[in-house]
Amino acid sequence: MAETSSPERDYLPGMGKHYLLPFYDLVHQVSALARVHAEMVELARPQPGQRVLDVGCGTGNLLRATAKRHRDVELSGVDPDLKMLARAERKLRRRARLDRGYAQELGFPGATFDVVFSSLMLHHLDTTSKDEMLAEVRRVLKPGGVLVLADIVHHHRGPMKEHLHDNVGDSVRKRIEAAGFTVEPTRVRRLRMFGTTGVEVARVH
Ligand SMILES: C[S@@+](CC[C@H](N)C(=O)[O-])C[C@H]1O[C@@H](n2cnc3c(N)ncnc32)[C@H](O)[C@@H]1O
């Protein structure tokens, strides 16, 4: 596992607290997040030989769902949390390249990926970092590439509440548009525990 960017940043862990990490995959099951992940893979439609990056890949569930449907794509994941990455590595068994890194500073050359995923990560970032992340995603996507991003789009009382005020309603879609993407209408889904979640499909030209 390599460092792709500066290791000094603070970050909010998967469930807001490091000690809750062992329960992350239970939350994944209870929330039925797998259904949203399956939809994200379907929407991205990676083609044979294409490169796919999951930003904030956590324990690797979305990468694993992609690997099951598409044996012939190159998979990468980035997350700052070494314990999440260790779990992802156990599930993916070298099927994906996993790096410790931050969404705000992706350690890849420009125009590297055909598809970028991000699932329930954006609300871990403050407003400035959200814009930095989207600029980075745009940089690492090839022309014609697609970002498929899911995130909470309602007020929430949890530990990330300060980062959710600028996610509410169509704010995420507008933020992605402002970063230079062409964005499809938001697909609204309801997840147990996470609540109302928007799935965005955004392209760079
Ligand atoms: C709610 S979990 C979602 C994990 C996974 N994407 C999924 O759908 O199951 C949020 C993830 O974002 C990661 N994260 C937090 N801050 C981040 C940052 N600055 N850059 C990249 N990932 C970050 C956390 O470590 C955690 O793994």
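What follows is calculated from the coordinates using simple rules that are stated; it is not laboratory data. As the structure is a computational prediction, the values presented were derived from the model and not from experiment. No Cβ is skipped: glycine too gets one built from the backbone with ideal geometry, and neighbour counts run over all protein chains shown.
Numbers below:
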item: Sequence-separation-based contact order of the chain, relative, with Cα cut under 8 Å and 6+ spacing, percent; result: 21
item: Helix-only CD estimate at 222 nm, as mean residue ellipticity for the chain, using -39500 (n - 2.57) per DSSP H run (n ≥ 4); result: -9500 deg cm²/dmol
item: Highest-first arrangement of 81-88, 43-50, where packing means the average Cβ count within 10 Å; result: 81-88, 43-50
item: Coarse-grained scattering of the chain at q = 0.18 Å⁻¹, given as base-10 log I(q)/I(0) from a Debye sum over alpha-carbon atoms; result: -1.37
item: Above-threshold pairs, the threshold being 22 Å between Cα atoms, out of LYS17/LYS83; LYS68/LYS91; LYS17/LYS130; LYS68/LYS161; LYS130/LYS161; result: LYS68/LYS161
item: Relative exposure of SER129, SER76, judged by other C-beta atoms within 10 Å (fewest first); result: SER129, SER76
item: Highest-first arrangement of 143-154, 165-176, where packing means the average Cβ count within 10 Å; result: 143-154, 165-176
item: The range 1-108: GluC sites (Glu not before Pro) in DSSP loop, at most 16 other beta carbons within 10 Å; result: GLU8
